[in-house]
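The structure appears below as structure tokens.
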Amino acid sequence: MADETRRAETIAAANGIGTDTAFGAVAPPLHLSTTYAFAGFEQPRAYDYSRLGNPTRDQLADTLAKLEGGASAVVVASGMAALDLALSPLRPGDLLVAPHDCYGGTHRLLSLRAARGHYRVAFVDQTDEAALAGILAEGPRLVLTETPSNPLMRIVDLRRTAGRVRAAGALFVVDNTFLSPALQQPIALGADLVVHSTTKFLNGHSDVIGGAVVAADAGLGEELAAWANTVGVTGSPFDAYLTLRGIRTLFARIERQQRSAGAIAAFLAGHPAVARVHYPGLPDHPGHAIARAQQSGFGAMLSAEIAGGRDAVRRLVEACRVFTLAESLGGIESLIAHPVTMTHAAMDPEARARAGVGDGLIRLSVGLEAESDLLADLARALDAARG
């Protein structure tokens, strides 16, 4: 069966399986060598040095490109390295448009690079049609989008935005970390580049740090690969091996996780200790219709505003026994985070206020534990939050 006719579930589970020509290994082998012998003087083989190319890392890149429907992918050492690589086409004076409610680490990176004069940045609510039109009229070089956004779960209409970005002559970059290609494929909706923290759902086991950039255009992909080699941010073979192993179960994991997330969102929406729930799967979510149209599921991430603010959140997280208080997301274990003091602590208070990230906000990453145990844990913790 040709690769282009295979469903994404089959690509995730089987890409590279049974291709070892040396020993017939079913699982793709791990190639740890940093360097490779030349066939002879001035006769390099397919690989010569692992910073430039490595069979294991290339297997992961090939799998990611196929899952996202891209021409190629570059695998790097972290999600932040992937984002920085995707923004490398920018030059001093270029305007970058970014979400006003993006991940705190993203906000920090863009702000610090802008402060050093690497490019200009404008943080804009991309769900605001007038605000987006206004900034696109200024001729940006690149537009970065998160959808769903981290942590407010705002939804951007990718197809519509891609058309507007293209008309403005800019590159369109989409961070797809929250959904993974199992639930959303931005290139099919018009994105030029897709960014991932492979640390999250793609690896899925909270034991590897990694990132990737998938390019819709082969030429742009080659430019990014060359730059990644030049600055040395390519990922390690062992990390690529573990990430590829994680991807084998991506679809099975995320199906179960998002089912539990939907039940948890509905439970929280009806609880008196919760002021508001942010989950696109809820019919009253402002982006529900768009999410239903451009996603194949609503994902395993959600956030909620706890009545009583920071003190109530403190009581809640201290009462949790199944949810673990920790940063990151997308693993098999359920995590709870307080963005103001954790993932978004680097954002200044004014920026957090503009984004809507308040003291009472919690973010949940739903894992594979029994749904009943997760609901019981939150019920107990919410009772504690009420004091």
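Things worth noting here:
- The range 314-346 - residue that is small (Gly, Ala, Ser) and at pLDDT 95 or above and, of those, farthest from MET153 (Cα to Cα): ALA319
- Residue that is touching a helix residue (DSSP H, G or I) at 6+ places or on another chain (Cβ under 7 Å) and either in contact (Cβ under 8 Å) with a residue 40 or more places away in the chain or not charged (D, E, K, R) (or both), where the choices are SER50, SER78, SER111: SER50
- Test result for GLN59, buried (at least 18 other Cβ atoms within 10 Å of the Cβ), more than 17 Å from ALA346 (Cβ to Cβ) and without any contact (Cβ under 8 Å) to a residue 40 or more places away in the chain: no
- The requirement of being hydrophobic (A, V, I, L, M, F, W, C) and not in a loop (DSSP other than H, G, I, E, B) is not satisfied by VAL208.
- Selected residue [touching a strand residue (DSSP E or B) at 6+ places or on another chain (Cβ under 8 Å) and over 18 Å from THR243 (Cβ atoms)] from TYR36, TYR47: TYR36
- When residues in the range 172-210 are screened for being crowded, with 24+ Cβ neighbours inside 10 Å and either free of Cβ contacts under 8 Å to residues at least 12 places away in the same chain or more than 18 Å from LEU64 (Cβ to Cβ) (or both), 1 of them pass.
Quick grid of which residues meet (1) part of a strand (DSSP E or B); (2) aliphatic (A, V, I, L, M); (3) more than 18 Å from the chain's Cα centre (by Cα); (4) under 18 Å from ARG380 (Cβ atoms):
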{"residue": "ALA304", "(1), (2), (3), (4)": "yes, yes, yes, yes"}
{"residue": "ARG310", "(1), (2), (3), (4)": "no, no, yes, no"}
{"residue": "ARG321", "(1), (2), (3), (4)": "no, no, yes, yes"}
{"residue": "GLU327", "(1), (2), (3), (4)": "no, no, no, no"}
{"residue": "GLY331", "(1), (2), (3), (4)": "no, no, no, no"}
{"residue": "ILE336", "(1), (2), (3), (4)": "yes, yes, no, yes"}
{"residue": "HIS344", "(1), (2), (3), (4)": "no, no, no, no"}
{"residue": "MET347", "(1), (2), (3), (4)": "no, yes, yes, no"}
{"residue": "ALA351", "(1), (2), (3), (4)": "no, yes, yes, no"}
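- When THR198, THR177 are checked against the criterion of being touching a Gly at 6+ places or on another chain (Cβ under 7 Å), in a loop (DSSP other than H, G, I, E, B) and under 16 Å from SER72 (Cα atoms), a single residue qualifies: THR198.
- The residue that is farthest from ILE155 (Cα to Cα), counting only those in the range 358-373 that are buried (at least 23 other Cβ atoms within 10 Å of the Cβ) and not basic (Lys, Arg), is GLY367.
- Counted residues, the range 77-124 - those being of a type in the set (Lys, Arg) and within 19 Å of VAL195 (Cα to Cα): 2
- Residue check for ALA273: outside the structural domain of ASN176 (by TED's automatic domain parsing), of a type in the set (A, V, I, L, M) and exposed (fewer than 15 other Cβ atoms within 10 Å of the Cβ): no
The values are calculated or read from the model by the stated rules, or taken from the named source; none is laboratory data. This structure is a prediction, so every number in the text was calculated from the model and none was measured. With ideal geometry, Cβ positions are generated from the backbone for all residues, glycine too; neighbour counts draw on all protein chains shown.
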